[in-house]
Amino acid sequence: PWTIGSMTTVAAPLPTRRKDLLARLAEPHCFDLAVIGGGATGLGVALDAAARGFSVVLVESHDFAKGTSSRATKLVHGGVRYLAQGNIALVREALHERTTLLHNAPHLAQPLPFVMPSYHWWETPFYGVGLLMYDVLAGKAGLGATQFLGRERTLQCLPTVRTEGLKGGVKYWDGQFDDARLALALARTAASHGALLVNYCPARELIHEGGRVAGLVCEDVESGRRFRVRARSVVNATGVWVDDLRQMDGEAIGRPVKPIVAPSQGVHIVVDREFLPADHALMVPKTADGRVLFAVPWLGKLILGTTDSPRQDVVREPEPFREEVDFILQESARYLTRAPRAADIRSIWVGLRPLVKPQDDDGDNTKSLSREHTVLSSRSGLVTVTGGKWTTYRAMAEDVLQKCFTLELLPSRPAGITNNLPLVGAPAQPVTHRISELQGLHSYGSEARFVADLPGNSECLSEGLTEAMVRFAARYEYAFTVEDMLARRSRLLFLDARKAIALAPRIAALLQDELGADPQLEAFLTLAQQYLHIPGEQALDFPE
């Protein structure tokens with residue numbers, strides 16, 4: 001341990017050696033709770049249960065936050081669009097959870113000012129009144145007061161916003177975060193409370209005894225070794241894939257199930273900050289087709305998005321539709337003096353949202369489906385959670401555990417322990433770096449000292465990334481492959497795919513040195529090309 005200032009002692013990071021994790025998994029033991037799925041929801045459930053003193057195991061088929069949970073718009077928000085839809089309860093819950101998240105992980109989640117530019121006389125008062133209601137709902141949890149801006153003040157906040165016809169704007173506050181690193185912090189905090197978390201270990205079967213789910217069989221993807229894991233309760237938190245596990249459970253007990261998820265695709269484009277060199281985000285409340293568009297400064301770049309397109313298939317690496325890319329570029333051109341073009345794109349990423357559909361809904365219009373989460377149980381006792389959003393992960397976890405208590409799968413224990421539970425790395429002092437700035441040692445919060453003490457701290461691989469950070473990821477952050485490092489421990493793949501491709505061989509060599517396992521370099525190079533691929537256009541150039 002080491003001390004910050006004169007008051008706070010920081011525990012040394014827990015090692016995440018894979019052989020040790022698998023050895024624990026092989027031990028004959030019946031866990032209180034087994035969680036399948038290592039995204040925001042599953043990790044939140046694991047942390048809440050472990051913090052309440054339950055024995056917990058979590059298995060993830062790929063890497064933590066590999067799916068939807070690393071592909072968010074990077075906003076910790078109450079949901080302005082849901083306020084417009086009249087969903088007051090969802091907004092109120094999200095605003096409360098927003099404050100909790102920002103408090104528990106200030107190095108990874110922080111307030112961010114947004115500005116809505118107005119080009120018609122009625123827009124400022126119309127949207128401003130709605131945002132004042134947003135402030136009222138937030139109450140003491142508010143991050144800053146909504147302000148009505150004149151034309152000049154709007155230009156100060158958004159210096160490259162289109163000036164023709166600009167009347168003014170409205171400024172309001174929400175939050176932003178590093179989603180993948182927050183997921184990692186949840187995993188590591190759960191581990192610090194005794195939970196066993198293993199990535200790259202998919203659940204292949206559910207164990208049933210007497211018609212009740214009693215555990216799972218998982219498989220280490222590296223060795224192919226299978227593990228039989230017994231648990232008193234099993235939670236299905238696999239996001240857009242929950243219906244696969246529900247179907248597996250239903251077939252085992254002879255009760256087929258109807259799908260509950262209608263996937264929605266969200267596309268984000270990343271360009272350089274020069275297109276909007278500001279510490280304020282741009283928010284367009286109603287685009288040409290009625291959607292919301294954001295331009296968000298994040299880790300030294302600018303995120304443009306998002307879309308909301310239904311998908312019938314569920315794939316691990318979805319690709320953008322050409323019309324989605326065109327839509328974002330065209331709408332950006334309506335609001336920025338210099339419009340980004342396809343050649344300006346540094347990276348494109350796509351995420352699938354697990355929207356919950358009514359049983360009589362055909363799922364064609366995902367904008368009308370519920371953004372709230374759903375917790376349900378099967379005849380076997382399998383508890384499934386899906387829907388919701390990143391901001392409310394903690395509330396979702398409490399609802400899951402309450403379902404387990406109601407079903408008498410677990411003995412009831414008081415809720416609320418995670419409401420004031422700092423996540424791994426949360427610093428004691430006020431944070432001085434913004435998440436809109438480049439990643440760096442500051443991104444590790446109170447653990448920065450441990451990173452700096454590792455070999456290679458002075459060896460800079462790319463802006464904000466050192467050899468020591470790669471070694472830290474391999475030793476303490478469950479990193480297993482080049483993709484783990486460049487997509488989720490560092491966010492370089494999401495920020496600049498070309499740079500990630502150029503750097504990948506050095507990352508592979510470092511991981512090989514640390515872990516002695518195949519870091520899957522070729523697989524990463526193939527994947528990274530997709531992050532610069534626009535359907536219908538010739539592939540863009542990549543470094544050799």
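Okay, here's what the table says:
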read-out	value
Phi to ³J(HN,Hα) by Karplus 6.51 cos²θ - 1.76 cosθ + 1.60 over the stretch 526-532, Hz, x for Gly, Pro	5, 4, 4, 5, 5, 6, 10
Net charge of Cβ neighbours under 15 Å - reference SER380; Lys, Arg +1; Asp, Glu -1	+2
Mean Cβ neighbour count within 10 Å, used as a protection proxy, ranking 186-196, 472-482 highest first	472-482, 186-196
Built amide H within the under 5 Å cut-off of LEU355, gap 5+	ALA262, SER264
Amide H partners (placed H, <5 Å) of LEU461, local residues excluded	THR466, GLU467
Rounded to 10°, Cα long-axis angle of helix 393-406 versus longest principal axis of the chain	40
Net lengthening on full extension, ARG334/ASP244 (0.36 nm per residue, minus Cα-Cα)	28.2 nm
Inter-probe distance in nm under a simple model that places probes 7 Å from Cα toward Cβ, at ALA452 and THR163	4.4
Modelled FRET efficiency - R0 35 Å, VAL217 with GLN512, Cβ distances, 0.05 increments	0.70
In sequence order, calculated HN-Hα J values of the stretch 487-494 (Karplus, 6.51, -1.76, 1.60; Hz; x Gly/Pro)	9, 10, 7, 8, 9, 4, 4, 6
Between the stretch 13-55 and the stretch 204-249, the alpha-carbon center distance in angstrom	14
Helix-only CD estimate at 222 nm, as mean residue ellipticity for the chain, using -39500 (n - 2.57) per DSSP H run (n ≥ 4)	-9500 deg cm²/dmol
In Å², nearest 10: area of SER377 left accessible to a 1.4 Å probe	50
Relative contact order (%) - the chain, alpha-carbon pairs under 8 angstrom, separation at least six	19
Cα-based helix-to-principal-axis angle, 322-335 vs the chain, degrees rounded to 10	40
Simple label model, 7 Å out from Cα along Cβ direction - LYS258 to ASP326, nm	3.6
In sequence order, calculated HN-Hα J values of the stretch 206-220 (Karplus, 6.51, -1.76, 1.60; Hz; x Gly/Pro)	9, 8, 10, 9, x, x, 10, 6, 10, x, 8, 10, 10, 9, 6
Sequence-distant residues sharing a close amide H with ALA281 (under 5 Å, placed H)	PHE114, VAL115
Total formal charge among the other residues, if their Cβ is under 14 angstrom from that of LEU14, Lys/Arg +1 and Asp/Glu -1	+2
Summed side-chain charge close to ALA339 - residues other than ALA339 whose Cβ falls under 11 Å, Lys, Arg +1, Asp, Glu -1	+2
Anchor LYS167: lysines whose Cα lies under 28 Å away (excluding residues fewer than 8 positions away in-chain)	LYS286, LYS301
Gyration tensor over alpha-carbon atoms, the chain, equivalent ellipsoid semi-axes in Å	35, 28, 24
Where the chain is the region considered: accessible area per residue in Å², 1.4 Å probe	39
ASP344 accessible area, 1.4 Å probe, all protein chains in place, Å² to nearest 10	20
Spin-label model distance (nm) - GLN529 vs ASP20, 7 Å beyond Cα toward Cβ	3.9
Solvent-accessible surface ranking, highest first, for ASP178, ASP518 at 1.4 angstrom	ASP518, ASP178
GLU27-GLU522 FRET efficiency (beta carbon distance; Förster radius 56 Å; 0.05 resolution)	0.95
Estimated FRET transfer efficiency (PHE148, LEU438; beta-carbon r; R0 22 Å; 0.05)	0.10
LEU525, LEU112, reordered so the largest accessible area comes first (probe 1.4 Å)	LEU525, LEU112
Angle in degrees between helix 123-138 and the longest Cα principal axis of the chain, rounded to the nearest 10	30
Area of ARG338 that stays accessible when all protein chains are in place (1.4 Å probe, Å², to 10)	110
Apportionment of accessible area to carbon and sulfur, the chain, percent (1.4 Å)	51
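The values are calculated or read from the model by the stated rules, or taken from the named source; none is laboratory data. Since the model is a prediction, treat every value here as computed from it, not as a measurement. Using ideal geometry, Cβ is built from the backbone for each residue, glycine included, and neighbour counts are taken over all protein chains shown. For the accessible areas, the whole protein counts, side chains as well, though only heavy atoms, and no ligand, DNA or RNA atoms are used. Shrake-Rupley method; radii C 1.70, N 1.55, O 1.52, S 1.80 Å.
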